Amino acid sequence: METLHIHTEKITTKHYIWIAIIFTTLTFTLLSYFNTQLSTIRILMVTMSLGCILLLTTTFFNPSSMSFTLTFMHCQFHSHYGGWSTTWHNIQHIGNVTLASGEWHHPLPWIGIRLKNYDDFIRTICPRVASRLLLEQRVLLVMVLKHSVHPNHQLEDILFDDDPFITSNGEQFHGLQAMIANRMRYNRELLGFDFFIADDVLDRPVNDFIGLLRRYKAAA
């Protein structure tokens with residue numbers, strides 16, 4: 001399949017809706033307050049000026065950024081603080097993340113990735129990205145342990161477990177690499193996946209993005 005560069009925006013459609021609501025509210029407030037003090041032309045000029053300022057500000061603070069590169073060989077994540085990469089052949093499963101509560105499974109706004117082998121992923125992941133994964137994705141462990149009737153782990157023991165990690169190939173990881181490897185192990189045990197992709201870095205709904213990743217994996 002052809003190489004695909006996926007770009008996302010910092011401000012989503014939901015943000016634009018809120019901006020439109022705020023602008024409309026301010027406009028009507030302005031019209032109500034100055035109705036008897038300013039002429040119609042001046043009110044329209046002020047309103048248009050506010051709209052232009054709002055549009056320019058939104059455009060300036062909302063540059064498009066590339067979040068993923070998909071090729072026939074691999075999937076790569078990009079961010080201003082680094083990234084990660086894995087080949088399609090090393091991905092075992094891509095799917096929805098759900099939280100079990102009794103007999104119900106509630107979908108979460110995350111995509112789960114399960115790898116066949118940790119070695120290359122841990123060895124090549126950017127340290128800053130590894131640190132952010134540990135911090136940003138800990139909420140998933142908090143939720144699953146909170147809903148567990150008889151949890152096998154204590155939260156404080158698994159969030160930042162830095163015990164040396166030995167891979168299936170006999171390689172040993174220490175420090176930050178061991179922490180991310182151990183986290184991936186706990187994620188797999190409790191949620192069925194090794195690491196996760198949040199919906200706020202996607203350019204389309206979660207299920208559509210899962211379908212896209214699966215198509216690239218199937219074609220690899």
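The values are calculated or read from the model by the stated rules, or taken from the named source; none is laboratory data. Just so we're clear, the structure is a prediction, and the values are computed from it rather than from any experiment. A quick note on method: Cβ atoms are made from the backbone with ideal geometry, for glycine too, and the neighbour counts reach across all protein chains shown. Only protein heavy atoms, including side chains, enter the accessible area calculation; ligands, DNA and RNA are left aside. Shrake-Rupley method; radii C 1.70, N 1.55, O 1.52, S 1.80 Å.
Criterion first (on the phi < 0 side of the Ramachandran plot, aliphatic (A, V, I, L, M), exposed (fewer than 10 other Cβ atoms within 10 Å of the Cβ) and modelled with pLDDT under 75) does ILE41 satisfy it? Yes: the conditions hold for ILE41. Within the range 185-218, the set of residues being open to solvent by 50 Å² or more (accessible area, probe 1.4 Å) and among the aliphatic types (A, V, I, L, M) comprises just one member, ALA218. Taken over the range 82-139, residues that are aromatic (Phe, Trp, Tyr) and assigned to a strand (DSSP E or B) amount to 3. Take ASN182 and decide whether it is within 20 Å of the chain's Cα centre (by Cα), closer than 18 Å to LEU115 by Cβ and open to solvent by less than 20 Å² (accessible area, probe 1.4 Å). The answer is no for ASN182. Kindly check whether there is at least one residue in the range 159-169 that is in a helix (DSSP H, G or I) and either surrounded by 13 or more Cβ atoms within 10 Å (Cβ to Cβ) or at pLDDT below 95 (or both). Among the residues of the range 159-169, not one is in a helix (DSSP H, G or I) and either surrounded by 13 or more Cβ atoms within 10 Å (Cβ to Cβ) or at pLDDT below 95 (or both), which makes the answer no. Scanning the range 193-207 for residues that are farther than 17 Å from VAL142 by Cα, without any contact (Cβ under 8 Å) to a residue 24 or more places away in the chain and β-branched (Val, Ile, Thr) turns up nothing.
Considering VAL97, VAL144, the condition of being over 21 Å from GLN177 (Cα atoms), aliphatic (A, V, I, L, M) and in contact with a Phe, Trp or Tyr (Cβ under 8 Å, 6 or more places away or on another chain) is satisfied by VAL97 alone. Out of curiosity, is PHE193 assigned to a loop (DSSP other than H, G, I, E, B), hydrophobic (A, V, I, L, M, F, W, C) and in contact with a Gly (Cβ under 9 Å, 6 or more places away or on another chain)? Yes: the conditions hold for PHE193.
Results for (1) among the hydrophobic types (A, V, I, L, M, F, W, C); (2) closer than 19 Å to PHE160 by Cα; (3) at pLDDT 90 or above, shown as yes or no for each residue.
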| site | (1), (2), (3) |
| --- | --- |
| ASN96 | no, no, yes |
| PRO109 | no, no, yes |
| ALA130 | yes, yes, yes |
| LEU141 | yes, yes, yes |
| SER148 | no, no, no |
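Going by what's in this entry, would ILE113 be described as open to solvent by less than 40 Å² (accessible area, probe 1.4 Å), over 23 Å from ALA178 (Cβ atoms) and among the β-branched types (Val, Ile, Thr)? So ILE113 does not fit the description; no.
Remark: pairs (first residue in the range 1-26, modelled with pLDDT under 70; second residue open to solvent by 100 Å² or more (accessible area, probe 1.4 Å); Cβ separation under 8 Å; 6+ apart in sequence or on different chains) = LYS10/PHE61; ILE11/PHE61; THR12/ASP200.
Sort out which residues of the range 159-172 are of a type in the set (A, V, I, L, M, F, W, C) and within 17 Å of LYS116 (Cα to Cα), and write them in order of number. Result: PHE165, ILE166.
Of all residues in the range 143-158, how many are assigned to a helix (DSSP H, G or I) and open to solvent by 60 Å² or more (accessible area, probe 1.4 Å)? Residues flagged as assigned to a helix (DSSP H, G or I) and open to solvent by 60 Å² or more (accessible area, probe 1.4 Å) within the range 143-158 amount to 3. Among the residues of the range 51-62, is any at pLDDT 90 or above and out of contact with any helix residue (DSSP H, G or I) (no Cβ under 6 Å at 6 or more places or on another chain)? No, the range 51-62 contains no residue that is at pLDDT 90 or above and out of contact with any helix residue (DSSP H, G or I) (no Cβ under 6 Å at 6 or more places or on another chain).
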